[in-house]
Structures are given as structure tokens and as C-alpha cells.
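S.K.: First the structure, which I've put down as C-alpha cells, then a few questions once you've had a look.
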Amino acid sequence: MTKLRITEYLDLDLVAERWQCNRCGQDLGAAQANYKEGCLVAERDLAEVHPPLLEGQAQSYTPDSQYCRLVEFYCPQCATMLDNEYLPPGHPITHEIELDIAALKQKHGLAANAAGGAKG
Amino acid sequence: MSTIAYSRDHEVVQRLRPEPMTQAEIDAQERIDPVEFDIFKHKMHMIALEGKETTMKLGASTAMRWGDVAFGVFTRQGDLSVCATGIYHHAVLGQIPLKYVVKHWVNEPSVGVKEGDSFFYNDPFYAGVHNADMGLAVPVFYKGELMCFIAAAVHTGEAGGTEPGGTCNTAKTKYDEGLLVPPIKIGENYQLREDILNMLAAMTRDPRTMILDIKARLAAARIAQRRVLEVIEEKGPEFFIGGLRRILTQTGEAARRRVAQLNDGVYRQPRFLDTVGTEAGLTKINLTLIKKGDTITMDFENSSPMLEGRPMNSFFQGILGLSCVYYCGWLFHDLPANNGLLEAIDWRFPDDAMVNAKGDASTSLAPLVQTCFTQGMFLAGARMTYNYDSSRAVAAWFSGFAIPTFGGINQFGEGIADITPEINATGCGARPDMDGVDAAGAFFATMSDCSDVEATEADRPFLYTFRNFFNSSYGHGKFRGGSGVGFGLMVHDTNRFMLGSMGGGSRFPSTLGLFGGYAVPPVFVQTVHGSNLKDLMADGHTPLPNKLAGIYAPDAPEQGNKATSEVNMVVKPFNDGDTYYVAVGGGGGYGDPLEREPESVLKDLRADRVSHFAAREVYRIVYDAETLRLDVAATEALRADSRKARLARAKPFAEFVRTWDSLSPPQEALRYYGSWPNPREGMLPVGQLKAA
Ligand SMILES: [Zn+2]
């Protein structure tokens, strides 16, 4: 087994050391990097997902866009939303998963410097 | 020999992991038969479970009656070995007061620890997450020798302070929080001391509940003491002492084996809070999990600094306590809940941080800081565990509290103060294979219940106008979060009453989704002073709203002075007939909503568990609004179009970030945040607090 399923939508090709979309196999970049760099990214209008239910009041079930924005990350091939982030406007995008690739390879019986492995 | 310095003991709170093994414990290990040990473990757990149930049956406060109870048996050094609870933070925090008693009172001639004694505590520095968590412990002696402690930790919903109901949005320092008792002796010779009870009663707004809860804890502890003594009589003291220790040792070893199976790596999850108590403001808890070998290290570098003059802080030990809600309930769900688990956990807290409160800072809203952090454990934990066992990778349950707090004179003319129990009706987070359970409980109190409304109405001056599922209370996804509930309270038969709210997430959602699932929408409070609802009910001719959506409808029949408030609402007067509406949220969503089975959406539509807006705009299904029949072809086409629309509006990462980087929240939102965006950037380096 050289392909590991790391999340619902992310596979890791351990030999090539690349992220892949679990749904369509699209390459999403080096395993050492943030897979989001291989995604297409969009900010959503908050009210499209969290519509206001109460007109004319300060509170209405829609987040306050001065405090919070919704950023979505899509697979560039199949357009599955691989993840999203609720962040204050302008807050750096999170690099959530940074696996120890060398340790993973060792765990799965692969040589540390197998084919691929190019960083970046 | 006094060890007391008349100040908080910063040494004892560091001793969260099990104490070193004593010689007696080491000697006992060789002679413990493994089969006898398994029987012993089961027997001890049954004793603890009985203790938990007894405490609940005898208690008076909302939380005690509905299950916010931890009941445990501790080694004679104070470590928690056996625990019955769904309130897993007590599995780590419950032991500190006992270690304090051992350290300070055993050899102190003016106090001492003797058979028949009982000890009380509620200072959250030692005892729990906030001062509404109160505990009572008894030492158990056999033939004159201390064998163990038995203790019950329970949330009693009133602890004095600037506001009723156990949390104070307005607290500026710890002196505004009310009762803060380090472990003290409240009983000796099997009798509670009436002078001490009298003092505790005098310092809170609901003395009857305070005293009944203390007596409930003690009664349950005495029953457990009898059972434990029977076990010691049968197995012998050496086996008993060695057995309690072996439970702890085995737990730690099993936890380390579990952690070793997870993938090594760094897992990050910044968390944001949108309130500091009395006002809006952004703060950040920057959680990094470093998983290496058989240890998970929780690192909090670059979290917002400690808030001076505001109650939105937590002691580091409270953060560790709440981490165990995730660890005990999810990662180590099949291991005993005790502090042996911390053998697999390490931690690093910056010296000046809202998650590492010091000095006289208020921690009255620590529960919100801690649940905000725990969300990060769910999210980072899901990414850490999916590859190991995807059933562990669940979205988080609601974390914003939205708890009505109240105090005043009830319909019988009695002074009361407490919270209502709907926090125990939040929805579960969605899972990789199913929707979250609707109105399941609280993630930090999974065994708790939200009570019948009739039971709450019986001794609180409320009339529930409705309480039921709210279809805009959870996060959407391939699997949706469990639904939370909306409810309406009318103050009834009193004009001397105050209502407020404790919570967060009215601007920034408190509860996020997982792997493309959406967050729980922000919740808020709506109030109507001078409401005509009582007249409308008496008249009987007008159909009245029986769910939150009806309250928000433009043609809602209720008239009066309507206002909305964020869920951190300082108490204010409510008179007979005034109304209060709020939702406790459901769970976060899991996965891309475009992958949700259309039939599941329709099933939810039939049960009023999803809105038509979400069915059309979020799940993108096409159906007949009258018959709720799916148009399969049109749904497939709409979903395909939606995917195309995504790619059309999205940009490559680097291009997106160029525009995104130029944004920032307004300065007024960042007053308490620290440096933007990394709170500690530019601040002087400080020493780090670290477990031994
Ligand atoms: Zn794809």
C-alpha cells in the first residue's frame, strides 16, 4: 500500500510524495507542502450558506463579515470542496496537515529517498 | 508543620500526571492475580457509577439533576483511578484538590485528614473549569490507615459573583466571581459543620440548592465508602492499593500504544472567539498538535495574550482538562477515564496567554475559552486520526453554550439562581458515515439530559412557549450535523427576576464543520419586554408560533419591545410575561454538501429538519415543493452546474492569497487580540510553562 487516505478527500501517494484528490486522482502538489496550494480557492458570500432569518436586526444567523469570512478550497479537476475555512478577513490560510513523510515511509516499509521526493 | 503560603499553590497544579509509584504499590503488583484484577476493576467501576447516579438523584441544581456529575475513587496520593462520568474534564482535574489535601492538610495539626472528614472546593485553579464546578471529597480509612479518597465533582449553577447562574460576563478580576474556595474541611466525625455550610450559603444567591447539592455529594460518597470498605475487607488492603495503581498504569500504557499508531506529523487549528464577555472582540487560540512516537504535544504559541479586566481567560489546567473531553470521549473512548491518559500527552503554554491565566485575572468565562479550544482538538484530531480509524474523525458538537442564566425570586417567593438545561440538547457533529444525532447532549457532558420542560417549569418561574428542533441550527454537509433545539421562555408569576446569557459565537461561528462541511450558524438571543403574549394566550383566538422560525416571521403576532442580543448577554430584569428566545446549536457538518444523498435532504424536508433554502441553495436539489418529489435529472444537472460555477469563481491559491492578504478585521475588533495576525509577534520572548 503506497497510497494512503489521509482525510475524506485527500490521498497521499507515498512513493511519489504527492497529494491527490480522493475523488478524481487530481495531483494537488508535494506531500511536504499545503495541499491547498494545489486547489482553486474562493471566498463565499456568507449569506449564501448562512442566510439571515430575521430582517432588520443586528443578529440574524449570518456571521459578521468584519469578524469572519468563509474560504472554500476546490479540487481543480472535479470541483469537490475538499475543505473550507472560517477565518477573520485576511488571516493566513492554515497549513493543517504537515505529515512526517520520512516516518510514514519507514512505517510502510519504503526507503526514505525513494523515487520522487522532490520538494516544492 | 504548615505548608500554606496564603496564596494559590502553583506547584500542585503541575502534578496532573500520576504521582510516582510508592513502594507499597510496587510490592503489591507482583501479588495481584490478573483475573482477580479484572473483577476488581469492574466492581470499582460499578461503585463509581452508583455514586454518580446517587448524586444525580439527590441533587437540586439543574446540572446535578441532569447529569453534570463526575464521581471517582482516587489513590491515597490523590490520583484519579476510577471515574464514572460523561464530564471528562473532571477525569484530569478532579485529582488536583486531593493532591492539595494530601500536600497541605494531612500533616497540618490544625486541620488533619481523619476518618469521617469531608472536604469541599470550588476554586477553578484547583477544582474544575470554573467556580460553578464544586467538589466534595472524603478520605477512606481501613484499620486506621488511609486507603483512598472518594469524591464527587458537580456543576452547581450558582456561585455568587456579579451575575447569577455561575458565570459573570461582567467580572473584571477574580474578586468579581464570588465563591472561590481552595480545599477546606467542611465536616468531621461524619458530620457536616453547620457553621461552614452557613458561610457557603451566605455567599450565594441560591442557598437551598447549594446546601442540598453538598449533601447529595456527601451522601453518595458515604454509600461508595461502604462499598469500597467491603472490597478492601474481601481483597485485602495491599491488593486494593496495588489495584488502584494498576488501573492508572495500564491506562497510561494503553494510551501511549494508541498514540504510537497515529501518523507522525504537525496538525494545526487556529481557533477564534468573538466576545470578551461584555463586548465583542476577536481573540485567537493557536492550537498546534505535534504527534511524534507515543506522545501528542499540545502547543499554544502565538495565542492571544491574557485579557486584563475581562473574564475570557482560562488556567492552563482547565485547557488540559477540556482536552480530555476529546481524548476520553473520542481518541481513547475505550480506555478508562483517568489521569493516567496524560502519560501520552505533553503541553506547552506561553507564559502570557489567555489560555494560561495568572494572578488575579478573571476566568469566569473559562468554559467558553476551553470549548473554543476543544473544537480545535476535534478538527486537528480528525486530521490526525482519519487514516488510523476514520470512525474517530467526526465533526465537532456545538460549542457556543447559549445558556440562559437567571436569578431572582421564583413563583414560590424563594431565592433561586441557576441555568436552564438546554445545553444538554445540542446536536452531535456529523460523522464519515452518518448524520450527527439530533439533540444528543453536550460534547463535554455526554451522559447529561436536557430535562422535561415540566420539571424545569415546576420550580422555576418559566413557561416554555415551545422547545423543539430548529432546522437552521446545524452545519450542512455530505452528512449534516445533528439538529439543536430552539425554545421560548416566558417569565411567569414573578416581577423580581433577572435573565442573561452565557456563550459566544454570535459573530464568528463557534462550531465549525469538517472536510468541507459547513459551520453551525451564529446564534443569538431575542427578547420581548412588555410582551402581549400572555394576553394572546388568555384570549386563545390567535395561532401562536410554536417554533423559532415563527418567532422571526414578519407577521409574528407577539408585540412588545423586541430586541436581539449576542449570546454573551449581561443579566437584566424580566417581569411577568416578558419573553426570551434562543437556540442551542447543533453539530458541524461533514464533507461537501453537494455529495449529500438527495433522498436524505428530502427526508429532512418531510421532518422539517432542513429548510427549503438549504435544500435548494446549499444541497442544490430540485424537487416539487408540494409533493417533495425529487427531479433526479434536474438535480444532477444543477449539481454539475454548481461545480462548474465553483471553478469559474475560484482562483489559484497564490492569486487568491494576494488579494486576501490585504484584508484585516477593523482595529476595534482587535483590541484584545495581540499583534495581527500572529498575536505574539513583536512581543518579548518569555519562558514557557511545561509539564515535567
Ligand atoms: Zn477531484
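The values are calculated or read from the model by the stated rules, or taken from the named source; none is laboratory data. Fair warning: this is a prediction, and the values are worked out from it, not measured in the lab. FYI the Cβ positions are ideal-geometry reconstructions off the backbone, even for glycines, and counts take in every protein chain you see. For the accessible areas, the whole protein counts, side chains as well, though only heavy atoms, and no ligand, DNA or RNA atoms are used. Shrake-Rupley method; radii C 1.70, N 1.55, O 1.52, S 1.80 Å.
S.K.: Does the stretch B:524-541 contain at least one residue that is open to solvent by 50 Å² or more (accessible area, probe 1.4 Å) and under 22 Å from the mean Cα position of the chain (by Cα)?
M.R.: No, because not a single residue in the stretch B:524-541 is open to solvent by 50 Å² or more (accessible area, probe 1.4 Å) and under 22 Å from the mean Cα position of the chain (by Cα).
S.K.: Take the conditions surrounded by 17 or more Cβ atoms within 10 Å (Cβ to Cβ) and either polar (S, T, N, Q) or within 11 Å of chain A (Cβ to nearest Cβ) (or both) and apply them to B:P652. Does it pass?
M.R.: Numbers: surrounded by 17 or more Cβ atoms within 10 Å (Cβ to Cβ): no; either polar (S, T, N, Q) or within 11 Å of chain A (Cβ to nearest Cβ) (or both): yes.
So B:P652 does not fit the description; no.
S.K.: Determine whether A:L87 is at pLDDT below 95 and within 28 Å of B:E668 (Cβ to Cβ). Can you show your working first?
M.R.: Values: at pLDDT below 95: no; within 28 Å of B:E668 (Cβ to Cβ): yes.
In short, no.
S.K.: When you look at B:V369, is it open to solvent by less than 10 Å² (accessible area, probe 1.4 Å), more than 19 Å from B:G86 (Cβ to Cβ) and assigned to a helix (DSSP H, G or I), yes or no? Step through it out loud before you land on a result.
M.R.: Working: open to solvent by less than 10 Å² (accessible area, probe 1.4 Å): yes; more than 19 Å from B:G86 (Cβ to Cβ): yes; assigned to a helix (DSSP H, G or I): yes.
Yes: the conditions hold for B:V369.
S.K.: Sort out which residues of the stretch A:56-68 are within 7 Å of chain B (Cβ to nearest Cβ) and more than 13 Å from B:A519 (Cα to Cα), and write them in order of number.
M.R.: A:Q57, A:A58, A:Q59, A:D64, A:Q66, A:Y67 - these are the residues of the stretch A:56-68 that are within 7 Å of chain B (Cβ to nearest Cβ) and more than 13 Å from B:A519 (Cα to Cα).
S.K.: Hey, could you check the stretch B:513-537 for residues that are assigned to a loop (DSSP other than H, G, I, E, B) and hydroxyl-bearing (S, T, Y) and say which is farthest from A:A47 (Cα to Cα)? Even if it seems obvious, please write down each step before you answer.
M.R.: The initial filter retains those residues of the stretch B:513-537 that are assigned to a loop (DSSP other than H, G, I, E, B), namely B:513, B:515-523, B:530-532.
Pick out the ones that are also hydroxyl-bearing (S, T, Y) and you get B:518, B:531.
Details: B:Y518: 13, B:S531: 30 Å.
Of everything passing the filter in the stretch B:513-537, B:S531 is farthest from A:A47 (Cα to Cα).
S.K.: Quick check, is B:V259 open to solvent by 10 Å² or more (accessible area, probe 1.4 Å), of a type in the set (A, V, I, L, M) and outside any loop (DSSP other than H, G, I, E, B)?
M.R.: So B:V259 does not fit the description; no.
S.K.: With respect to A:D45, determine if the residue is open to solvent by 50 Å² or more (accessible area, probe 1.4 Å) and either of a type outside the set (A, V, I, L, M) or facing chain B (nearest Cβ under 7 Å) (or both).
M.R.: Details: open to solvent by 50 Å² or more (accessible area, probe 1.4 Å): yes; either of a type outside the set (A, V, I, L, M) or facing chain B (nearest Cβ under 7 Å) (or both): yes.
Yes: the conditions hold for A:D45.
Table: residues versus (1) of a type in the set (D, E); (2) closer than 25 Å to B:E158 by Cα; (3) not in a strand (DSSP E or B).
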{"position": "B:D438", "(1), (2), (3)": "yes, no, yes"}
{"position": "B:D449", "(1), (2), (3)": "yes, yes, yes"}
{"position": "B:A455", "(1), (2), (3)": "no, yes, yes"}
{"position": "B:A458", "(1), (2), (3)": "no, yes, yes"}
{"position": "B:R467", "(1), (2), (3)": "no, yes, no"}
{"position": "B:Y474", "(1), (2), (3)": "no, no, yes"}
{"position": "B:T494", "(1), (2), (3)": "no, yes, yes"}
{"position": "B:L499", "(1), (2), (3)": "no, yes, no"}
{"position": "B:T511", "(1), (2), (3)": "no, no, yes"}
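S.K.: Okay, moving on. Only one of these conditions is not met by A:E37: (1) open to solvent by less than 50 Å² (accessible area, probe 1.4 Å); (2) at the interface with chain B (Cβ under 7 Å from one of its Cβ atoms). Which number is it?
M.R.: Of (1) open to solvent by less than 50 Å² (accessible area, probe 1.4 Å); (2) at the interface with chain B (Cβ under 7 Å from one of its Cβ atoms), only one is false for A:E37: (1).
S.K.: Now a separate question. Looking at B:L98, B:L93, can you tell me which residue is out of contact with any helix residue (DSSP H, G or I) (no Cβ under 6 Å at 6 or more places or on another chain) and of a type in the set (A, V, I, L, M)? Show your work before the answer.
M.R.: Working: B:L93 fails: out of contact with any helix residue (DSSP H, G or I) (no Cβ under 6 Å at 6 or more places or on another chain).
After applying the criteria, what remains is B:L98.
S.K.: Test B:V113 against the stated conditions and say whether it is farther than 22 Å from B:P207 by Cα and within 28 Å of the chain's Cα centre (by Cα).
M.R.: Numbers: farther than 22 Å from B:P207 by Cα: yes; within 28 Å of the chain's Cα centre (by Cα): no.
Answer is no for this residue.
S.K.: Any idea how many residues of the stretch A:1-19 are more than 13 Å from the ligand (Cβ to nearest atom) and not in a loop (DSSP other than H, G, I, E, B)?
M.R.: Total satisfying the criteria: 6.
S.K.: OK, next. Output yes when any residue across the stretch B:317-327 is open to solvent by 20 Å² or more (accessible area, probe 1.4 Å) and at pLDDT 95 or above, and no when none is. Can you show your working first?
M.R.: From the stretch B:317-327, those open to solvent by 20 Å² or more (accessible area, probe 1.4 Å) are none; that's our starting set.
Looking for residues that are open to solvent by 20 Å² or more (accessible area, probe 1.4 Å) and at pLDDT 95 or above, one finds none in the stretch B:317-327, hence no.
S.K.: Still on this structure, please answer the following. Given the options B:G550, B:G530, B:G503, name the one that is within 14 Å of another protein chain (Cβ to nearest Cβ) and touching a strand residue (DSSP E or B) at 6+ places or on another chain (Cβ under 7 Å).
M.R.: Numbers: B:G550 fails: touching a strand residue (DSSP E or B) at 6+ places or on another chain (Cβ under 7 Å); B:G530 fails: within 14 Å of another protein chain (Cβ to nearest Cβ).
Sole residue among the options that is within 14 Å of another protein chain (Cβ to nearest Cβ) and touching a strand residue (DSSP E or B) at 6+ places or on another chain (Cβ under 7 Å): B:G503.
S.K.: Could you check the stretch B:199-235 and list, in sequence order, the residues that are open to solvent by 80 Å² or more (accessible area, probe 1.4 Å) and over 30 Å from the mean Cα position of the chain (by Cα)?
M.R.: Within the stretch B:199-235, B:R226, B:E230, B:E233, B:E234 qualify.
S.K.: Do we have any residue at all in the stretch B:281-293 that's away from chain A (no Cβ under 14 Å) and either in contact with a Phe, Trp or Tyr (Cβ under 9 Å, 6 or more places away or on another chain) or closer than 21 Å to B:S81 by Cβ (or both)? I'd like the intermediate steps shown before the answer.
M.R.: The initial filter retains those residues of the stretch B:281-293 that are away from chain A (no Cβ under 14 Å), namely none.
Looking for residues that are away from chain A (no Cβ under 14 Å) and either in contact with a Phe, Trp or Tyr (Cβ under 9 Å, 6 or more places away or on another chain) or closer than 21 Å to B:S81 by Cβ (or both), one finds none in the stretch B:281-293, hence no.
S.K.: Now a separate question. Which one is nearest to the other protein chains (Cβ to nearest Cβ) among residues in the stretch B:624-644 that are under 23 Å from B:G589 (Cα atoms) and more than 40 Å from the chain's Cα centre (by Cα)?
M.R.: B:K644
S.K.: State all residues of the stretch A:23-33 that are closer than 22 Å to B:L262 by Cβ and surrounded by fewer than 19 Cβ atoms within 10 Å (Cβ to Cβ); if no residue qualifies, say none.
M.R.: A:Q32, A:A33
S.K.: Among the residues of the stretch B:262-299, count how many are small (G, A, S), in a strand (DSSP E or B) and surrounded by fewer than 19 Cβ atoms within 10 Å (Cβ to Cβ). Break it down stepwise before answering.
M.R.: Within the stretch B:262-299, the subset small (G, A, S) is B:265, B:277, B:280-281, B:293.
This time we only want the ones that are in a strand (DSSP E or B), so: B:265, B:280-281.
Still in the running and surrounded by fewer than 19 Cβ atoms within 10 Å (Cβ to Cβ): none.
Here the count works out to 0.
S.K.: Same structure, new question: In the stretch B:217-242, which residues are within 30 Å of B:A60 (Cβ to Cβ) and either touching a strand residue (DSSP E or B) at 6+ places or on another chain (Cβ under 8 Å) or aromatic (F, W, Y) (or both)?
M.R.: B:R217, B:L218, B:A220, B:A221, B:R222, B:A224, B:Q225, B:V228, B:L229
S.K.: Of the residues that sit in the stretch B:569-618 and are open to solvent by 30 Å² or more (accessible area, probe 1.4 Å) and over 27 Å from B:A640 (Cβ atoms), which one is farthest from the other protein chains (Cβ to nearest Cβ)?
M.R.: Per the criteria, the residue is B:D576.
S.K.: Could you please find all residues in the stretch B:112-149 being in contact with a strand residue (DSSP E or B) (Cβ under 6 Å, 6 or more places away or on another chain) and either without any contact (Cβ under 8 Å) to a residue 24 or more places away in the chain or of a type in the set (D, E) (or both)?
M.R.: B:E115, B:D117, B:D133
S.K.: Still on this model: Might you let me know whether the stretch B:376-388 holds any residue that is open to solvent by 10 Å² or more (accessible area, probe 1.4 Å), among the hydrophobic types (A, V, I, L, M, F, W, C) and modelled with pLDDT of 95 or more?
M.R.: No; the residues of the stretch B:376-388 include none that is open to solvent by 10 Å² or more (accessible area, probe 1.4 Å), among the hydrophobic types (A, V, I, L, M, F, W, C) and modelled with pLDDT of 95 or more.
S.K.: Quick one: which strands (runs of 3 or more DSSP E) lie wholly within the stretch A:20-120 and hold at least 2 residues that are within 16 Å of the ligand (Cβ to nearest atom) and under 24 Å from B:R596 (Cα atoms)? Spell out how you get there, then give the answer.
M.R.: Values: elements: A:27-30, A:40-44, A:69-74, A:81-87, A:97-99.
Ranges flagged: A:40-44, A:69-74, A:81-87.
S.K.: When the stretch B:507-517 is examined, which residues are found to be open to solvent by 10 Å² or more (accessible area, probe 1.4 Å) and more than 11 Å from B:F398 (Cα to Cα)?
M.R.: Selection gives B:R507 alone.
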